[in-house]
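Quick notes on the structure that follows.
The values are calculated or read from the model by the stated rules, or taken from the named source; none is laboratory data. Not measured: the values here are computed from a predicted model. So basically every Cβ, Gly included, is an ideal-geometry build from the backbone, and we count neighbours across all protein chains shown. The accessibility values were calculated without ligands, DNA or RNA, using every heavy atom of the protein model including side chains. Shrake-Rupley method; radii C 1.70, N 1.55, O 1.52, S 1.80 Å.
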Amino acid sequence: MTQLSKAASQDLIKKVLESMLDPNAPVEQLREFFSTNYRQDIDGVTLDFTGFMAHAEDLKKSISAGSTTFEMMIVEGQTVADVHIVDAIKLNGEKIRIKVIAFYTIENGKITRVNELTHLLSGLTEDRNLGSRTSH
């Protein structure tokens with residue numbers, strides 16, 4: 001099993017979030033970063049790879065722009081832990097700010113698992129589930 005360097009692991013996480021929050025980046029681009037046996041546990045919701053791709057598609061269709069500010073990131077072996085703030089603008093112009101605490105598992109250069117908690121800092125209550133929402 002190939003293990004990424006600390007810098008490569010950090011870069012992978014940054015690229016993933018950049019791609020996720022860019023409504024113009026094709027959803028298929030995420031296949032470069034995630035294993036097909038991917039599993040995400042977020043705020044009590046579990047998504048497999050197919051569910052995650054549906055979530056990414058829905059997210060991209062609901063925002064006009066988004067960015068991430070990292071407060072901290074720690075890499076230990078195959079695990080990356082971070083705290084980041086997501087700022088996004090919905091298509092209707094409303095702004096959302098979410099604090100995220102996430103643990104990622106990286107195997108053979110791809111993310112295989114994420115365990116994540118999110119907290120809506122500003123925005124509408126209906127957007128609390130933006131990190132896991134799918135319409136499928």
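Say whether the condition of being in contact with a Pro (Cβ under 7 Å, 6 or more places away or on another chain), at pLDDT 95 or above and among the small types (Gly, Ala, Ser) is met by at least one residue in the stretch 41-64. Yes.
When you scan the stretch 27-65, how many residues do you find that are assigned to a strand (DSSP E or B) and charged (D, E, K, R)?
Here the count works out to 3.
For the stretch 1-29, what are the residues that are surrounded by 17 or more Cβ atoms within 10 Å (Cβ to Cβ), within 13 Å of the chain's Cα centre (by Cα) and under 19 Å from GLN78 (Cα atoms)? Can you show your working first?
To start, the set of residues in the stretch 1-29 that are surrounded by 17 or more Cβ atoms within 10 Å (Cβ to Cβ) comprises 4, 9-10, 12-13, 16-17, 19-21, 27.
From the residues that got through so far, the ones that are within 13 Å of the chain's Cα centre (by Cα) too are 12-13, 16-17, 19-21, 27.
LEU12, ILE13, VAL16, LEU17 - these are the residues of the stretch 1-29 that are surrounded by 17 or more Cβ atoms within 10 Å (Cβ to Cβ), within 13 Å of the chain's Cα centre (by Cα) and under 19 Å from GLN78 (Cα atoms).
Looking for whichever is more than 13 Å from the chain's Cα centre (by Cα) and open to solvent by less than 40 Å² (accessible area, probe 1.4 Å) here; the options are GLY77, GLY44, GLY66. Which one fits? Steps first, please.
Numbers: GLY44 fails: open to solvent by less than 40 Å² (accessible area, probe 1.4 Å); GLY66 fails: more than 13 Å from the chain's Cα centre (by Cα).
Criteria check complete, one pass: GLY77.
Could you list all residues from the stretch 80-113 that are in contact with a His (Cβ under 9 Å, 6 or more places away or on another chain) and open to solvent by 60 Å² or more (accessible area, probe 1.4 Å)?
In the first step, residues of the stretch 80-113 are kept if they are in contact with a His (Cβ under 9 Å, 6 or more places away or on another chain); the result is 98-102.
Of everything in the stretch 80-113, those that are in contact with a His (Cβ under 9 Å, 6 or more places away or on another chain) and open to solvent by 60 Å² or more (accessible area, probe 1.4 Å) turn out to be LYS99, ILE101.
Take ASN24 and decide whether it is in a loop (DSSP other than H, G, I, E, B) and either under 18 Å from ALA8 (Cα atoms) or modelled with pLDDT of 95 or more (or both).
Values: in a loop (DSSP other than H, G, I, E, B): yes; either under 18 Å from ALA8 (Cα atoms) or modelled with pLDDT of 95 or more (or both): yes.
Criteria met by ASN24.
Residues in the stretch 106-117 that are over 13 Å from the mean Cα position of the chain (by Cα) and part of a strand (DSSP E or B): ILE106, GLU107, LYS110.
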